[in-house]
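Peer 1: Before we start, here is the structure in question, set down as structure tokens.
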């Protein structure tokens, strides 16, 4: 597959600009960044863009000429079906024959978006969901529709893997695809738990329990803050609307998140969401966390939880299984961790056959998309399949058939220290 020219529509957005920058690192490719106002790209994304002649800024008045000569057109506009369809009409009008067209949607139906194109163009239309920031997060979910040309899909997968150095997972066109479906389930349920345990510390309390000690490079609510509360809401509401499984209610966005969104406190991008950095008079920075009960920000608490302290101590001695034995025997905080372990494993294995073909795809999605310890590793740490099934039954979550029949392969063994960085 020869790709010499790429056009990114919606390049003034964070993902659009970063995807364009990533692709432009390839010396043989020229990338056109199309936005409503290309001066806005220069102003807002200046620090993120390489000073290279291979990045060309443009606005929509130049789109016809650019699109008609592009080998790959990437739509990266706002996560809104109406807006994306509007942009697709422009692409459909000007794209050359056999041009690859893809959307960066993280949760909308790729099949539905493909209907903006004629029968010929639909063959070359795909979902190529990159993760933020793509320079660091290597996962790319490749989504085919019922119209997609499989040979072209194979070539595009090869290009993504070999040229752009992506870890490509082929997922079915289902709400949230694979990584976001699992990741946002846990993140939003963690947000619900923060409200439930607001009197114990809320956001900071839940993040402490579900962070490094349970195999996450970034704790779930810190991840939500990084992604953006508005983006999180859009993804969760779409998954809630179009799915019907035993985890559906865990996608209901809590009221305090909606309140923050209405106040434009969207997370890191507005320096105010679940966390906030305060500049002190002496020049130092202070980390604050949102207090759900008072609806104000307070100083981020020091780590004082005895359970996580025990786990960290054991993990530093590489006693990972022993650390999880402590969780099994501990009430209160231990019960919270056990519930989230059970849900993560259950929901991950339930994706097999519905969204992806095998558990390895799930593992790789969570490793490369979220930097989380894969679900199969948690099965190992809990003592194997039988012990894991007991936990799932106790926590009243579904025991998928794929878990009951799963057998660990020798090649699946991984180093615990890669994921539990305490």
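Nothing in this text is a laboratory measurement; each read-out follows from the coordinates by a stated rule. Keep in mind the model is a prediction, meaning the values are calculated, not measured. Heads up, the Cβs are rebuilt from the backbone with ideal geometry, glycines too, and the neighbour counts pull from every protein chain shown.
Peer 1: When you check residue 396 against the structure, is it assigned to a loop (DSSP other than H, G, I, E, B) and over 25 Å from residue 167 (Cβ atoms), yes or no?
Peer 2: Yes: the conditions hold for residue 396.
Peer 1: Another question about this same structure. From (1) closer than 16 Å to residue 200 by Cβ; (2) out of contact with any helix residue (DSSP H, G or I) (no Cβ under 8 Å at 6 or more places or on another chain), pick out the condition that doesn't hold for residue 330.
Peer 2: In the conditions (1) closer than 16 Å to residue 200 by Cβ; (2) out of contact with any helix residue (DSSP H, G or I) (no Cβ under 8 Å at 6 or more places or on another chain), residue 330 misses (2) alone.
Here is a yes/no grid of residues against (1) in contact with a strand residue (DSSP E or B) (Cβ under 6 Å, 6 or more places away or on another chain); (2) assigned to a helix (DSSP H, G or I):
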site	(1), (2)
88	no, yes
141	yes, no
154	no, yes
159	no, yes
165	no, no
174	no, no
180	no, yes
183	no, yes
191	no, yes
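Peer 1: Now, a different point. Hey, could you check the range 329-354 for residues that are outside any loop (DSSP other than H, G, I, E, B) and free of Cβ contacts under 8 Å to residues at least 12 places away in the same chain and say which is farthest from residue 246 (Cα to Cα)?
Peer 2: 329
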